[in-house]
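In what follows, a structure is listed as structure tokens, so that the remarks can point back to it.
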Amino acid sequence: MYSEEQQDIVYSYYLLALYSISQGETLDELEYVVSEFEDDDLYEQCDGIRQAINFAKNNTMQSVLAELDKEI
């Protein structure tokens, strides 16, 4: 389990990735960022980005925007 600080990092990167998706960044580009972050052992950041990627893959852009709006 993550500590509260780690959970905050995951959540922040989830929101940042959703925002990036809403601005036109592709899922492939985000997957590349994840691979770079993994090389630097930034696992909480990777987790947040992966959660956003999975959300985007399973939902419409409208749902992505609604999720982002709800969370901010």
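The values are calculated or read from the model by the stated rules, or taken from the named source; none is laboratory data. Computed from a predicted model, the values in this text were never measured in an experiment. Note: ideal-geometry Cβ built from the backbone for every residue, glycine included; neighbour counts use all protein chains shown.
Between L42, L18, the distinction of being surrounded by 19 or more Cβ atoms within 10 Å (Cβ to Cβ) and either within 19 Å of L68 (Cβ to Cβ) or not polar (S, T, N, Q) (or both) belongs to L18 only.
Remark: pairs (first residue in segment 27-50, within 17 Å of S12 (Cα to Cα); second residue of a type in the set (D, E); Cβ separation under 9 Å; 6+ apart in sequence or on different chains) = V33/E25; L42/E36; E44/E5; E44/D8; C46/E38; I49/E31; R50/E31. Of all the numbered requirements in (1) touching an Asp or Glu at 6+ places or on another chain (Cβ under 9 Å); (2) crowded, with 16+ Cβ neighbours inside 10 Å; (3) touching a residue at least 40 places away in the same chain (Cβ under 8 Å), L68 misses one, and that requirement is (1). Taking the chain as the region of interest, the helices (runs of 4 or more DSSP H) fully inside it that hold 1 or more residues being in contact with a Cys (Cβ under 8 Å, 6 or more places away or on another chain) and not aromatic (F, W, Y) are 27-39.
Just a yes or no: is a residue in segment 33-41 on the phi > 0 side of the Ramachandran plot and modelled with pLDDT of 95 or more?
Within segment 33-41, the first condition is being on the phi > 0 side of the Ramachandran plot, and the residues that meet it are 41.
Imposing the further condition that a residue be modelled with pLDDT of 95 or more reduces the set to 41.
Yes, there is a match, as at least one residue in segment 33-41 is on the phi > 0 side of the Ramachandran plot and modelled with pLDDT of 95 or more.
Condition first: out of contact with any Leu (no Cβ under 6 Å at 6 or more places or on another chain), modelled with pLDDT of 95 or more and surrounded by fewer than 11 Cβ atoms within 10 Å (Cβ to Cβ). Can you find one or more residues in segment 48-59 that meet it? Yes, the conditions are met somewhere in segment 48-59.
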